[in-house]
Amino acid sequence: AKNVGVLAMDIYFPPTCVQQEALEAHDGASKGKYTIGLGQDCMAFCTEVEDVISMSLTAVSSLLEKYNIDPKQIGRLEVGSETVIDKSKSIKTFLMQIFEKYGNTDIEGVDSTNACYGGTAALLNCVNWVESTSWDGRYGLVVCTDSAVYAEGPARPTGGAAAIAMLIGPDAPVSFESKYRGSHMSHVYDFYKPDLASEYPVVDGKLSQTCYLMALDACYKHFCTKYEKFEGSQFSLFDADYVVFHSPYNKLVQKSFARLLFNDFLRNASSVDEADKEKLSPFLNLTGDESYTNRDLEKMSQQVAKPLYDVKVQPTTLIPKQVGNMYTASLYAALASVIHNKHSELAGKRVIMFSYGSGLTATMFSLKLHEGQHPFTLSNIATVMNVRGKLKARQEFPPEKFVETLKLMEHRYGAKDFVTSKDCTLLAPGTYYLTEVDSMYRRFYAQK
Ligand code: ACO
């Protein structure tokens, strides 16, 4: 199979959200801390009728329907998620309800988990399957689904929620340049979920930022080495039309792109002109460790990178800024943003993707975009996703109601024997929602 990659995509995020400006005031944070300091506009969250299973049911059924895919044509289904609802039964098995109805139970794949990286693991598995000798000619399907919620404190505004479904196959409008991949994996405690009674992570915020940037450096280095080996020429940011980052909050994305440019400067690459070289030269002799904490370097590299950021990164930031950190779905929501914003001018472009999951696992990989063939075209993907419409149809909750919802969800996490309000007035037709968890912890969903 050739040009294997993403044929079709759909995204779902809850219609319930809280404005970061309002949350900032409510939390007693200084004005601009969440909106400028973190760079976030708005944050989606699940109410008691939604969870990672309902969101993924919605995303998958919507994708199959809107692209007119016969459920029998799915041969592999992989889920990436770090939101634990059951320690044994995979989210994938819940999604089988959709396929069993059509008599298709011959579907490989289960869930992948490592913080925000699980979706990338699932995607690489599916792409590898289609490229392999075990491929049976049917489609792969990847689902990234997470509800990111934090305990009260500085991390809380970096939550979010969404599910993304991606159909995988050959001759894709979003195809993998499979040879160009760089990974970095290491053992650290930057963000983890050791308390199985709580949905909230334990997080060392500052450490997680540094780990993210160190992983970015390492992946970029490996990526460039592989590119140069196969292409015989140096890679620089000039060879990337768009750079798409896992996006816990936008400020980290701004810093990350600046960091890549600083890497290009250190590698003496063509993307850094003479004037910029001069501005960065005072930082040439910093040790690696110093360079992660030097505020002057951070400021200067962001300033130097700004014109390129506006072209190569800004179009990828819409959904992550509006919905928040969607964990496994975050990187793919950023990819969805550039397809939404630029679909008519993307053919022939190269997109560099950076996936990061705390703990930690990270991979940088490369995608090539093509117009594609109906229904698998970039413009049809943009139409189906209807990002603008979904953002517009949202209901803003005041911060008090957001906090109240999270309190209720704390009680509901790991609980049994309850029925939900079944209130689906805010949900769009076709959306799945949770109705009941019975005395045996079995979960029941209905579709609006
Ligand atoms: N106006 C403008 N900017 C402001 C204001 C203000 N009033 N107040 C603060 N800021 C800026 C700060 O200067 C800082 O920006 P800078 O880094 O460019 O200097 C930024 O706002 C954040 O403020 P801090 O005080 O540095 O950090 P805080 O204690 O608020 O915590 C953090 C931020 C660490 C990101 C926290 O939200 C967190 O732990 N989040 C979860 C972990 C995370 O997302 N890690 C990323 C990778 S791992 C993952 O994906 C889960």
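Points worth noting:
- Flag if V127 is in a helix (DSSP H, G or I), β-branched (V, I, T) and under 20 Å from the mean Cα position of the chain (by Cα): yes
- When residues of region 190-200 are limited to those that are more than 7 Å from the ligand (Cβ to nearest atom), assigned to a loop (DSSP other than H, G, I, E, B) and touching a residue at least 60 places away in the same chain (Cβ under 8 Å), the one surrounded by the fewest Cβ atoms within 10 Å (Cβ to Cβ): A197
- Residue count for region 153-189 satisfying the condition of being within 12 Å of the ligand (Cβ to nearest atom) and in contact with a strand residue (DSSP E or B) (Cβ under 6 Å, 6 or more places away or on another chain): 3.
- Reported count of residues in region 201-235, each being in a loop (DSSP other than H, G, I, E, B) and surrounded by fewer than 20 Cβ atoms within 10 Å (Cβ to Cβ), is 4.
- Of residues in region 38-81 being of a type in the set (V, I, T) and in contact with a strand residue (DSSP E or B) (Cβ under 6 Å, 6 or more places away or on another chain), the one nearest to A8 (Cα to Cα): V60
- Residue match in region 31-42 (condition: under 20 Å from the mean Cα position of the chain (by Cα) and at positive phi): yes
- Under the condition of being of a type in the set (V, I, T) and in contact with a Phe, Trp or Tyr (Cβ under 8 Å, 6 or more places away or on another chain), the residues counted in region 66-105 number 4.
- Flag for S379 being within 25 Å of V4 (Cβ to Cβ) and surrounded by fewer than 23 Cβ atoms within 10 Å (Cβ to Cβ): yes
- Scanning region 201-222 for residues that are more than 18 Å from the chain's Cα centre (by Cα) and within 11 Å of the ligand (Cβ to nearest atom) turns up V202, V203, D204, G205, K206, L207, T210.
A short reminder: the numbers here are calculations on the coordinates, not readings from a lab. From a predicted model like this one, the values you see are computed outputs, not experimental measurements. Neighbour counts run over all protein chains shown; Cβ positions are idealised from the backbone, glycine included.
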